[in-house]
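Student: Just passing along the structure, written as structure tokens.
The values are calculated or read from the model by the stated rules, or taken from the named source; none is laboratory data. Everything numeric in this text was worked out from a predicted model, so none of it was measured. Glycine gets a Cβ as well: all are built from the backbone with ideal geometry, and neighbour counts include every protein chain shown. Surface areas here come from the heavy atoms of the whole protein model, side chains and all, with no ligands, DNA or RNA. Shrake-Rupley method; radii C 1.70, N 1.55, O 1.52, S 1.80 Å.
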Amino acid sequence: MTTIVTKRAYDPPSAKDGMRVLVDRLWPRGLRKDAAALDLWAKDIAPTPALRKWFDHRADRFVEFKRRYRAELKANSAVADVLAQMKRGKVSLLYAARDPDINHAVVLAEFLNKSR
């Protein structure tokens, strides 16, 4: 069984992370590629640029953002590809946003857990 968790991309890698998957469309500012220790960069399942810009990490838009992002994910064929690449065990979805509760990785983790 796979356990999917979220983790900030700027936090140091850990052996407990399992498979490390960056789920941002843009590379995190100031993060060196070797420091990221990625197994996969799944930028195709990140929110579209228009949705990301509209959301702007505003707490008052998070409920609507979740609804719109789930709709994007349901129509996105890349989701199946990413799920197929995930190994058994733990998977850490990495994101660059500052807020650990109001970001797309939280929505994505819920969606992927329901999709398996």
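Student: Amide H neighbours of ALA9 under 5 Å, counting only residues 5+ apart in sequence or on other chains, H built in-plane at 1.01 Å?
Tutor: Residues meeting the criterion, in which the H sits 1.01 Å from N, are TYR95, ALA96.
Student: Next question. Amide H to amide H under 5 Å from THR2: which residues, 5+ apart in sequence or cross-chain, H placed 1.01 Å off N in plane?
Tutor: GLY89
Student: Largest first, what is the accessible-area ranking of ARG67, ARG58, ARG8 with a 1.4 Å probe?
Tutor: The ranking, largest first, comes out as ARG67, ARG58, ARG8.
Student: Solvent-accessible area of ASP34, probe 1.4 Å, all protein chains present, reported in Å² to the nearest ten, please.
Tutor: Number for this one is 110 Å².
Student: For region 1-104, please report how many Lys pairs fall under 24 Å Cα to Cα, leaving out neighbours fewer than 8 apart on the same chain.
Tutor: 26
Student: Once amide H atoms are placed 1.01 Å from N in the peptide plane, what residues at a sequence separation of 5 or more from LEU40, or on another chain, have their amide H within under 5 Å of its amide H?
Tutor: Hits under the 5 Å cutoff: ARG20, LEU22.
Student: Right, here's the next one. Note down the accessible area of TRP54, probe 1.4 Å, to the nearest 10 Å².
Tutor: Number for this one is 70 Å².
Student: Quick one: 3J(HN,Hα) in Hz for region 59-70, Karplus 6.51/-1.76/1.60 with θ = phi - 60°, rounded, Gly and Pro as x.
Tutor: My calculation for region 59-70 gives 4, 5, 9, 5, 4, 5, 4, 4, 4, 5, 5, 4 Hz in order.
Student: To continue, here is another question. Under a plain spin-label model, where a point goes 7 Å from the Cα along Cα-to-Cβ, how far apart in nm are ALA59 and ASP11?
Tutor: 2.0
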